[in-house]
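J.: My structure is below; once you've seen it, I'll send some questions.
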Amino acid sequence: DKRFMYEESFKTPLLIKWPHVINAGTTEDEMVQNLDFAQTFLQVAGALPPPDMQGESLVPLFKGEKEKWTREAVYYHYYEYPAEHAVKRHYGIATKDYKLIHFYYDVDEWELYDRKNDRFEVNNVYQDPKYSKVVRKMKQKLKEVRLKYKDSDSLSNQYINLYKEKGWIEE
């Protein structure tokens, strides 16, 4: 199920062939998202994206211009609970080293995973004192990216109110 922020559902393989631009056999491990596709297609077509459009063009990575890639973290937010899939509402941020997830609405749970030392994300180290500085740093990054994407608790509450109106959740 692609609704959780856990690694098995969070990652999506991406294979691209672009003769004379991407060298055969090239691999990349940068933090990219499906919302980067539109930006990429627009740049390749020579069109300018709307200023409020999210995502980054992948073209610099295709051309080996890694220094032009600016994303250090990926943000994710899942709103649709309660719904048929019963995936709890959560949002979070992932860097190459760590992943911080906050489950909210009818729970208030935080999870932190050390992606370098626990690639299967089985050990939640959020409460581990050794990771207290990481927790603070990741929460700050999370706050910044939520502001960047104009995501907020009030937006989440709009979904809750909509679901109440539709009778999907009780008052």
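J.: Compute the length gained on full extension between Ile16 and Asn123: take 0.36 nm times their separation in residues and subtract their Cα-Cα distance, giving the result in nm to one decimal.
T.: Numbers: separation 107, 0.36 × 107 = 38.52 nm, distance 3.37 nm.
Full-extension gain reported as 35.1 nm.
J.: Between their Cα atoms, which of Lys99/Lys166; Lys17/Lys96; Lys2/Lys137; Lys11/Lys66; Lys68/Lys139; Lys17/Lys66 are more than 22 Å away from each other? Mind dumping the intermediate values first?
T.: On the way: Lys99/Lys166 33 Å; Lys17/Lys96 25 Å; Lys2/Lys137 27 Å; Lys11/Lys66 20 Å; Lys68/Lys139 25 Å; Lys17/Lys66 18 Å.
Distance filter (> 22 Å) returns Lys99/Lys166; Lys17/Lys96; Lys2/Lys137; Lys68/Lys139.
J.: Ok, one more. List the pair-distance distribution P(r) of the chain, using every Cα-Cα distance, as the percent of pairs falling in each 10 Å bin from 0 up to the bin containing the longest distance, rounded to whole percents.
T.: Taking every Cα pair in the chain, the percentages come to 9, 31, 33, 21, 6, 0.
J.: Let me ask you something else. Going by C-beta contacts inside 10 Å, put Val122, Val44 in order with the fewest on the left.
T.: Working: Val122 8, Val44 14.
Fewest to most other Cβ atoms nearby, the residues stand as Val122, Val44.
J.: Under a point-charge model restricted to the Cβ atoms of Lys and Arg (+1) and Asp and Glu (-1), what is the dipole moment magnitude of the range 60-129 relative to its Cα centre, in debye to the nearest 20?
T.: Roughly 500 debye for the range 60-129.
J.: For labels at Arg3 and Lys66 in the simple 7 Å Cα→Cβ model, what's the distance in nm?
T.: Those two pseudo-labels are separated by 3.7 nm.
All of the numbers you see were taken from the coordinates with simple rules; none came from a lab. Just so we're clear, the structure is a prediction, and the values are computed from it rather than from any experiment. Every residue, glycine among them, receives a Cβ derived from its backbone with ideal geometry; neighbour counts consider all protein chains shown.
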